[in-house]
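Only the coordinates and a few stated rules stand behind these numbers; no lab work does. Nothing here was measured: the structure is a model prediction, and the numbers come from that model. FYI the Cβ positions are ideal-geometry reconstructions off the backbone, even for glycines, and counts take in every protein chain you see.
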Amino acid sequence: MKSVRPAEGPIRVLHVDDDEAFLRLTETSVSEIDPALQFRQTTDPTAVLDRLEDDGIECVVSDYRMPQLTGVELLERVREHDSDLPFVLFTGQGSETVASEAISAGVTDYVSKGGGLEGFELLANRVRGAVEQRRLEQSLVATREGYEKLLEAAPDAILVVDAETGVLLEVNTAAEELFGRPREELEGLHQTELHPEDDREYYRDVFEEHAGSSGVIRDKRELSVLHAEGHEIPVEINATTLELGDQRLVQGIFRDLRGRE
């Protein structure tokens, strides 16, 4: 039997089907294809929601036609409980109507029971792919939340700018205080609008010169930003260039130099 790349860590899957023999066949076949997939079984779709909590399930695989509920009706119940838990419909009911109902209800994937071993290989790949994608998304959310906490805890103003356009994408609370403006006003501005109007072309050149480098921006003249009340504030700017996917960002730390030697 063809093997596939193992997932990172075990994946607990709840398989729902009223055919006990097929449940056993699926578990045996899939475990040989991908040992990371740990199948639990139930013939009772009405018990699924309790099993999700108790067994730490990361994906549901369900037949369509069952005595108590259809697979789509079960999917609707699962979606009320967890809006993005991977749910794969694994069924011999291959009509366009069933597929349309499943898609409308938010099914993650649809795999036909036909096809012998290739069908089980396809199921294993679809389940693993869906769970890995969800794990990645959850990891990114956790990373983002951690970054935002660090951003907000920073004593200096931090601004994240699109390196290509110069537009502010994100600022922290310290930036609101430094500029005397809420973040809703700051985010979306061009970075030159942070500085005195007469010097904006100069700051545009400074930004473009340092957009590809990192470190404290050292210039022949004192750098300053413009407060909402109209006065200038001397600052030290430490810029770091970051690559996020295909987007290049500049994170600037603006340190207020008032009262400092």
Revision key, fill the gap. Per principal axis, largest first, the Cα atoms of the stretch 19-173 extend in Å by 64, 34, 32
Study note, to complete from the structure: Once Lys and Arg are counted +1 and Asp and Glu -1 for all other residues with Cβ under 15 Å from that of V167, the total becomes -4
Point to revise | Helical contribution to [θ] at 222 nm, DSSP H n ≥ 4, -39,500 (n - 2.57), averaged over the chain, rounded to 500 | key: -12500 deg cm²/dmol
Review point. Fewest first, what order do L52, L25 take by the number of other Cβ atoms within 10 Å?
Key: L25, L52
Practice item. Using the number of other C-beta atoms within 10 angstrom as an exposure proxy, rank E53, E232 with the fewest first. Key: E53, E232
**Study point:** Charge dipole (the stretch 11-148, unit charges on Cβ, about Cα centre) - positive-most of A102, L123, C59
**Key:** L123
Practice item. Normalise the Debye intensity by I(0) for the chain, one equal point scatterer per Cα, no solvent, then take log10 at q = 0.08, 0.13, 0.17 Å⁻¹ and round to two decimals. Key: -0.54, -0.79, -1.13
Check your understanding: Tell me, E80, E170 in order of fewest to most beta-carbon neighbours within 10 Å?
Key -> E80, E170
Study note, to complete from the structure: Cα-Cα pairs in the stretch 1-89 separated by more than 18 Å, as a whole percent of all pairs, come to 41 percent
